[in-house]
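Notes for the one structure printed next.
The values are calculated or read from the model by the stated rules, or taken from the named source; none is laboratory data. Bear in mind the structure is a predicted one, so any value in this text is a computation, not a measurement. Cβ atoms come from the backbone with ideal geometry, glycine included; neighbour counts cover every protein chain shown. Side chains are part of the model used for accessible areas, which takes the heavy atoms of the whole protein and leaves out ligands, DNA and RNA. Shrake-Rupley method; radii C 1.70, N 1.55, O 1.52, S 1.80 Å.
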Amino acid sequence: MRRTVLLLAVLTAAGGAAPAMAAPGLAHQATLDPDPASTAWILTSTALVLLMTLPGLALFYGGMVRRKNLIATIAHSTAALAIVTVLWFVAGYSLSFGTGPSAINGLIGGFDALLLTGVAPDTAHRLAPGLPEFLWIAYQLTFAIITPALIAGAFAERIKFSASLLFFTLWHLLVYAPICHQVWGGGWMGSLGVLDFAGGAVVHVNAGVAGLVACLVLGPRHGFGRDNMAPHNLALTALGAGLLLVGWLGFNAGSAWAADAIAAVAAFNTLLAAAAGAIGWTVVEWIDHRRPTLLGLLSGVVAGLVGVTPAAGLVDPKGAFLIGLICGPACYAGAVWLKRALKYDDSLDAFGVHGVGGIVGAVLTGVFASAAINPAAANANLLNQLIGLAAVAAWSGIGTFVILMICRFTTGLRVTKEEEIEGLDYTQHGETIHP
């Protein structure tokens, strides 16, 4: 008992002293220079990006699976939100944006902000001195939440829920946080000049490559290529796509970190690229299948949104239009032709849309970036973009494979054949949407 009391006293004293000792030297920290308009806009953007995961992505993916897997699919987005939020508070933020002495060679952030040590109402992150640091933390958290939730589209309808929980935990710490730091948090890719305005590499290429590795490791669903696996409710998918489109305005325009002209052009570019992506996908689908589909239109919207994400605040509207128009057919090729040719089961086209769209968009950012729109675009370099993409794909691919092997030998990865046939809603959660 005495030992317990003594330990609690030491921890309490250390906890009380830590902010006072750590705050003056925090490399991630700056003095807050309040910007009320920008603060209001980023508060709004935080809500918009959170809306993208739940309910946006949850409904988008939920409508695309078979009816017996709707609850399990929505559970993935919900679990990603819960797990990543806690991890972000404990270590994710520090590993992503910390730049103190414990940071490792531009590869991953340090431990200076574990448990948000040193963060106070009057501090700001060095990258956004006009915003309270707590708001910066919340906004960046929403990006961290949606990234693993996107991966779930690749292994939907066959993964154990326990495996998905372990996967989300390890993937956030070992894959997302390092790549976020390398691109946005002061790491080597940001120093090299790799341009990623709102997450083309950090979010979409990262998640897309991870999704491809995941679906290859897990293997196809039972009956893939033989059974009817068409979406059970495209109305849910359309509702989810609409929420994604609205939320994406916070995703891209919020990444200006201010209520300014760059945010305005990013917002317009986002809408324009989404429309162009829908047109590009539908034209190719109409030629290929002799008829347009609602799912194709919705997928094209998302393809355009993914493609313009790394470029939104760096290109003019002509560039955004071309990026969307190119990404629509490119993502169709990835989601339909490539999957058909190689016969892998990317259930909801996580790689076909997010991986391919993120890669194409990142490359085209190096082509269309304009210093007249954003001075940061003066450093645009196609070779740097390619180097960044290769690095993100390698880190994500290798890290994801290692994590999946850990899951395989601990929780196990796949449900049994009988459980898969019955449906994950009932076998994993004991719930159904019908009697």
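Pick from Asp346, Asp425, Asp288 the residue whose mean-square fluctuation is largest in a GNM of the chain, springs joining Cα atoms under 10 Å. Looking only at Asp346, Asp425, Asp288, the largest GNM fluctuation is found for Asp288. Remark: the chain is approximated by an ellipsoid whose semi-axes, taken from the C-alpha gyration tensor as √(5λ), come to 34, 28, 18 Å, largest first. Counted without the sites themselves, the longest stretch of the chain free of trypsin sites (Lys or Arg not before Pro) in a DSSP loop having at most 10 other beta carbon atoms within 10 Å is 1-225.
In summary, the helical segments of the chain meeting the span-like criteria, namely a full DSSP H run, a Cα extent along the axis of 30 angstrom or more and a mean Kyte-Doolittle hydropathy of at least -0.5, are 133-155, 261-289, 382-408. The magnitude of the dipole of the chain, with charges of +1 and -1 set on the Cβ of Lys/Arg and Asp/Glu and taken from the Cα centre, is near 880 debye. Number of Lys-Lys pairs in the chain under 30 Å by Cα, sequence gap 8 or more or different chains? Lysine pairs meeting the criterion: 9. Computed with a 1.4 Å probe over protein heavy atoms only, the accessible surface of the chain comes to 39 Å² per residue.
If I compute solvent accessible area with a 1.4 Å probe over the protein chains, what percent of it on the stretch 286-427 is carbon and sulfur? With neighbouring chains kept in place, the figure for the stretch 286-427 is 69 percent.
Loop-located GluC sites (Glu not before Pro) across the stretch 344-435 with a Cβ neighbour count of 12 or fewer within 10 Å are Glu431, with loop assigned by DSSP.
Other residues lying with their Cβ under 14 Å from the Cβ of Val265 contribute a combined charge of -1, Lys and Arg counting +1, Asp and Glu -1.
Here the Karplus curve 6.51 cos²θ - 1.76 cosθ + 1.60, taken at θ = phi - 60°, turns the phi angles of the stretch 179-185 into couplings of 5, 4, 5, 5, 8, 10, x Hz, with x standing for Gly and Pro.
Contact order, relative form, for the stretch 94-253: 25 percent (alpha carbon pairs under 8 Å, 6 or more residues apart, mean separation divided by residue count).
Here the sum of -39500 (n - 2.57) over DSSP H runs of 4 or more residues, divided by the residues of the chain, equals -19500 deg cm²/dmol at 222 nm, to the nearest 500. In the stretch 72-124, the portion of solvent-accessible area held by carbon and sulfur atoms comes to 78 percent [1.4 Å probe, whole percent, DNA, RNA and ligands not counted].
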